[in-house]
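What follows draws every value from the coordinates through simple rules; no lab data is involved. Here the structure is a predicted model, which means the values were calculated and not measured. Here Cβ is always computed from backbone atoms with ideal geometry, including for glycine, and neighbour counts include all displayed protein chains.
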Amino acid sequence: MALPKYTEPHYRIWHYVYIFICTCVFFFLIAPLFVIFPLSFNAEEFLSFSEGMKNLDPDAFSLRWYKDMIYGTKNPWGLAAKNSFIIAIFATLGSVLLGTVAALGLSSRHMPYKGLIMATLISPMIVPLIISGVAIFFFMAKAGLAATHTGIVLAHIILGTPFVVITVTATLSGFDHSVTRAASSLGSDPVNTFMKITLPLILPGVISGGLFAFVTSFDEVVVVLFLAGLENTTIPIQMWTGLREQLSPTILAVATCLIILSTLILVTAELLRRRSERLRGINR
Amino acid sequence: MSSETGKILTTDGIPLEVSLKKAERKNKIKAFLLVAPLLLFLLITYIFPIGDMLMRSVDDKMVTEMLPKTFKSMEKWDGNEMPPEEVFEAFYLDFQKLVEEKRDGKLSTQLNYTKNGFKSILKKLRRKAKNFEEGNYKEQIMAVHKRWADVEYWRAIKRRAPAFTSAKYLKGMDMYKNEEGEIVSVEEDRRIHRVLWLRTLEIAFFVTLLCFLMAYPIAHLLATLPMKYSNLLMICVLLPFWTSLLVRTASWMILLQQQGVVNDFFVMIGLVADDNRPEMMYNKTGTYVAMTQILLPFMVLPLYSVMKTISPSLMRAGKSLGGTPFVTFWKVYFPLTIPGIGAGCLLVFILAIGYYITPALVGGASGTLISNQIAFHMKSTLDWSFASAMGLMLLAGVLAIYWVYNKLVGIDNIKLG
């Protein structure tokens, strides 16, 4: 962003002000995440930087809270992590399956009432979570699925499918349908065509939709709060209770792990997006 | 071409038009069958339960079912004078049945909602009714307590006859139906829900505004920087976007608490005294700061995707035609970004208006929103019909915005990541 030499002074000043504002906003966005990092290695029980930490005294840092997270007695994190992963994996599979198939139908130009149906399928993403939570709770209570893993998985499928529908329809919008017609004319049946031709081409969209569904489920707390019993506690529920009751540094250790996980997901999603754009021939 | 071959035929002799229509229908069914599983799943587990919420919110069958004979006999009564004997008789029969089934307590609670004073006179009636003689129930009931001779109380019972009520919705707006059936507001100092609705709108509006003001410059920077720098900076936007909401809220709790990092910093630079650290959490400030940071990526991404499509040569053209950078920006660049602004603002507003987790954790009493009230009634007071009514009022607002969003942007154009 070098300025040309002939720039007038007041524009020059304005340019630096603009860069300064942008720096501040980026700082505001990203800095809060990095506060958690050092504090999770705090040797003391406080949630602020101790004198020792400010002086970079090695004794002020420890892995105490990570040990507590993993080995701590009556610590719920083990069970919560197990539940979270099980629920998120099944919810992702369900969302991807239902969402991809629906997206295939929606992308067909023969689809009747496309707008209305699309709006219905996307609605769980738009409707405030608290309302979704109440509605889903009423259903699960009637169906006898409250406080079961199945109930929570179904709830997360509801919340996750819109993301899959959106990403897969977006991928399919640049899809050249003549390749499937070519496959059919060469004698391939529809299922075979889908598995051999369509799926590999839309896979980046499917996976990135799946990542969204996974993160949605893994991070979801509002609906789970209505549905979960003691047995079905998840990481977000434990975080929520921890944050409401006592803010212990163990939460920060968990939070650090979650940030690392989200970084991994971000990198995967970005790589997929680029690959998908390359495949669709969009150069931006 | 002769007239009989006016219709083009396919090889098997069927007119082409018919054949094409058939194929078209087949394709339609095929497409629909693909969508059907998800649509059906959502209808059963999601859309119908929202309808169920609607039913719950207006449902008032309880009293209707408890006093069937009374309400039937009341149909002819105009409500001006004391009801005739048959109403009293029907009420006596209904009431005795309830006493036998031990459901009279529920009736007295319900009627007491409608008009204060029913509890004691129903109790008294229960005691005396055991010794009632057959016939002339009107006099016997009126003799139990002077309120039973007051036509107001009978009108109050009649008001509970309909199986549906708008009472929960009125309560959500701090209004109620008075004895004349007019809709009036509750006293000024008890209007808690209106305060909450207004606060929700206010916070959603200002969070949207703050997000817009902060997102516009950085989206512009991201869109104009060379790819290799902008990709790096994009991580600053995407990492919070992918990070758990609770983690981000936790980090704000650490930053904003009284012994927290921000306050430490203020003390260090001498902005505030150590013993006079400002309260930045558990109030509106906390809600504003945390919600703005959390929703900021949702504003940046749509703005960025629109700005990316604006050719830099437009700005150069504007400048070469004699516009100063500011004029060129305002007349050329800004109008082109309006679709992005619309999309981003609507998205952030929709998300902000239904926010629950962050206000509940950092909002304290003065920073909570309507969602928190709904959760409170679902979990603490167990007034599910009221929670449903409030939820649906919120939903109506959100759907209106969603509709506008769909008209302006199109839901197919929502971009993720």
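Observations, loosely collected:
- With neighbour counts taken as other beta-carbon atoms within 10 Å, the residues B:Ile192, A:Ile157, A:Ile30 rank, fewest first, as B:Ile192, A:Ile30, A:Ile157.
- Tail beyond 13 Å, pair distance distribution of the stretch B:3-47 (Cα, percent): 66 percent
- Once Rg and the Kirkwood radius are both taken over the C-alpha atoms of chain B, their ratio Rg/Rh works out to 1.16.
- Chain B: most fluctuating residue of B:Ala156, B:Ala129, B:Ala389 per GNM, C-alpha cutoff 10 Å: B:Ala129
- Karplus-based coupling profile of the stretch B:283-294, in residue order and whole Hz: 8, 4, 3, x, 4, 4, 4, 5, 5, 4, 5, 6, with θ = phi - 60° in 6.51 cos²θ - 1.76 cosθ + 1.60 and x standing for Gly or Pro.
- Ratio of Rg to Rh over the stretch B:192-413 (Cα coordinates, Kirkwood Rh, two decimals): 1.04
- Cα shape, the stretch B:1-151, gyration tensor, a/c 1.5 rule: prolate
- Principal-axis tilt of helix B:192-224 within chain B, Cα atoms, nearest 10 degrees: 10 degrees
- Fewest neighbouring Cβ atoms within 10 Å first, the residues B:Ser320, B:Ser108, B:Ser166 line up as B:Ser320, B:Ser166, B:Ser108.
- Value of D in µm² per second that Stokes-Einstein yields for the stretch A:77-177, Kirkwood Rh from Cα pairs, at 25 °C (0.890 mPa s): 166 µm²/s
- The sum of -39500 (n - 2.57) across all DSSP H runs of n ≥ 4, divided by the residue count of chain B, sets its helix-only mean residue ellipticity at 222 nm to -21000 deg cm²/dmol.
- FRET efficiency, 1/(1 + (r/R0)^6) with R0 30 Å, evaluated for A:Ile86 and A:Leu199 via beta carbons: 0.70
- Cβ-to-Cβ counts within 10 Å put B:Asp104, A:Asp59 in ascending order as A:Asp59, B:Asp104, the fewest first.
- Cross-link pairs B:Lys72/B:Lys177; B:Lys123/B:Lys177; B:Lys124/B:Lys146; A:Lys5/B:Lys319; B:Lys72/B:Lys123; B:Lys97/B:Lys124 - those with Cα-Cα distance over 19 Å: B:Lys72/B:Lys177; B:Lys123/B:Lys177; B:Lys72/B:Lys123
- Cα gyration tensor shape of chain A, rounded if a/c is under 1.5, else prolate or oblate by comparing a/b with b/c: oblate
- Per residue, the average separation of C-alpha pairs within less than 8 Å and at least 6 apart gives chain B a relative contact order of 17 percent.
- Cα gyration tensor shape for the stretch B:184-238, rounded if a/c is under 1.5, else prolate or oblate: prolate
- Remark: chain B carries a charge dipole of roughly 820 debye about the Cα centre, counting +1 on each Lys and Arg Cβ and -1 on each Asp and Glu Cβ.
- Taking amide H as placed 1.01 Å from N in the peptide plane, A:Asn42 has its amide H under 5 Å from the amide H of A:Ser62, each at least 5 places away in sequence or on another chain.
- Among the chymotrypsin sites (Phe, Trp or Tyr not before Pro) in the stretch A:1-74, those located in a DSSP loop and surrounded by at most 15 other Cβ atoms within 10 Å of their own Cβ are A:Tyr6, A:Phe46.
- For the peptides B:355-362, A:164-171, the ranking by packing is A:164-171, B:355-362, with the highest mean count of neighbouring Cβ atoms within 10 Å listed first.
- A cut-off under 15 angstrom between Cβ atoms defines the neighbours of A:Val35, and their net charge, with Lys, Arg +1 and Asp, Glu -1, is +1.
- Chain A - mean residue ellipticity at 222 nm from DSSP helices (-39,500 (n - 2.57) per run, n ≥ 4, rounded to 500): -24000 deg cm²/dmol
- Sites counted here are GluC sites (Glu not before Pro) in a DSSP loop (not H, G, I, E or B) having no more than 15 other Cβ atoms within 10 Å; the longest part of chain B that contains none of them is B:280-417.
- Size estimate for the stretch A:47-103 follows the Kirkwood approach: the inverse of mean 1/r over distinct Cα pairs works out to 15.0 Å.
- For A:Lys54, the lysines whose Cα comes closer than 29 Å to its Cα, not counting residues fewer than 8 places off in the same chain, are A:Lys67.
- Contact order relative to length of the stretch B:192-413, as percent, for alpha carbon pairs under 8 angstrom and 6 or more apart: 27 percent
- Sites A:Arg12 and A:Ala182, calculated FRET efficiency, Cβ-Cβ separation with R0 56 Å, nearest 0.05: 0.45
- Between B:Asn178 and B:Ile192, the contour length at 0.36 nm per residue exceeds the Cα-Cα span by 3.1 nm.
- For the stretch B:233-287, the normalised intensity computed at q = 0.20, 0.24 Å⁻¹ comes to -0.77, -0.90 (log10 of I(q)/I(0), Debye sum over alpha carbons, equal scatterers, no solvent).
- For A:Asn232, net neighbour charge (Lys/Arg +1, Asp/Glu -1) across residues whose Cβ lies under 14 Å away: -1
- FRET efficiency for the B:Asp12 to A:His110 pair, using the beta carbon distance and R₀ = 22 Å, is estimated at 0.45.
- Basic side chains Lys and Arg get +1 at the Cβ, acidic Asp and Glu get -1 at the Cβ, and with that the dipole of the stretch B:3-47 about its Cα centre reaches some 160 debye.
- Computed on the stretch A:77-279, with alpha-carbon pairs under 8 angstrom and 6+ residues apart, the relative contact order is 34 percent.
- Equivalent ellipsoid semi-axes, the protein assembly as shown, via Cα gyration tensor eigenvalues times 5, rooted, Å: 52, 39, 27
- For chain A, built as a Gaussian network whose Cα springs stay under 10 Å, the top-fluctuating residue of A:Ile19, A:Ile117, A:Ile36: A:Ile19
- Among B:Ile350, B:Ile254, B:Ile269, residue whose mean-square fluctuation peaks in a GNM of chain B (springs only between Cα atoms under 10 Å): B:Ile269
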